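Trainee: Can you keep this structure in mind? I'll have questions shortly.
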Amino acid sequence: MELLQINNLPEKKQCRITVSENTFLIEGDFYYLQNKEFYPVKNGKDSFPIKEYMGLGILRKRSPKKLMQFVIIACVLEVVNAIAGKISDYLFFMDTSWTSYFVNALALLCLIQGLRLFFSKKKVIEISFLTKRICVDENIFCEDDINKLNQIMMQLR
């Protein structure tokens, strides 16, 4: 018997949550949270027993992979800048203006990666079960529907 069905808001990603007496079913666009990284679902459908439900919360985080890319590009930029300075010192009799082009290109890449990291914060609703953690975008569902979902899941557990 179906106790609750929550559909996405109009003009948002497709996602539907259905709660029955002993099963939680989610269909559509959602993520799995594993090792602090979001992984999109492959088949678009998953179900869990209600007894495994742990809780619900709001999560806002940046990707650690993008942070590592930013740090690596910044380190490479520093090394290339140091090498370019030494090249221009040792080869003072040659035209070494090309080294500044490389440094400027890496500085631009580092700036782009930093902006990408700054604006990549995901805001999701995390639904935790014993076996997996499911995340859906925060703006897909109405806040009242999420509160109702949490109340029903806690009562059934």
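The values are calculated or read from the model by the stated rules, or taken from the named source; none is laboratory data. What you are looking at is a predicted structure, and each value in this text was computed from that prediction instead of being measured. Here Cβ is always computed from backbone atoms with ideal geometry, including for glycine, and neighbour counts include all displayed protein chains.
Trainee: As an exercise: evaluate Ala82 against (1) modelled with pLDDT under 80; (2) in contact with a Leu (Cβ under 8 Å, 6 or more places away or on another chain) and give the number of the one condition it does not meet.
Mentor: The failed condition is (2).
Trainee: So which residues in region 101-157 are over 30 Å from Ile73 (Cα atoms) and β-branched (Val, Ile, Thr)?
Mentor: If the condition is that a residue be over 30 Å from Ile73 (Cα atoms) and β-branched (Val, Ile, Thr), then Ile125, Ile127, Thr131, Ile134, Val136, Ile140, Ile146, Ile152 are the ones that fit.
Trainee: Can you name the residue in region 56-82 that is of a type in the set (Val, Ile, Thr) and free of Cβ contacts under 8 Å to residues at least 60 places away in the same chain and is also surrounded by the fewest Cβ atoms within 10 Å (Cβ to Cβ) among such residues?
Mentor: Restricting to residues being of a type in the set (Val, Ile, Thr) and free of Cβ contacts under 8 Å to residues at least 60 places away in the same chain, the top hit is Val79.
Trainee: Looking at this structure, is Phe92 closer than 16 Å to Arg60 by Cα and modelled with pLDDT under 80?
Mentor: In short, no.
Trainee: Then there's this: Could you check region 16-55 and list, in sequence order, the residues that are surrounded by 15 or more Cβ atoms within 10 Å (Cβ to Cβ) and at pLDDT below 80?
Mentor: Of everything in region 16-55, just one residue is surrounded by 15 or more Cβ atoms within 10 Å (Cβ to Cβ) and at pLDDT below 80, namely Phe38.
Trainee: Within region 111-157, track down each residue that is aromatic (Phe, Trp, Tyr) and touching a residue at least 12 places away in the same chain (Cβ under 8 Å).
Mentor: Phe129, Phe141 - these are the residues of region 111-157 that are aromatic (Phe, Trp, Tyr) and touching a residue at least 12 places away in the same chain (Cβ under 8 Å).
Trainee: Give me a count of the residues in region 98-157 that are assigned to a helix (DSSP H, G or I) and over 18 Å from Ser20 (Cα atoms).
Mentor: Matching residues across region 98-157 total 23.
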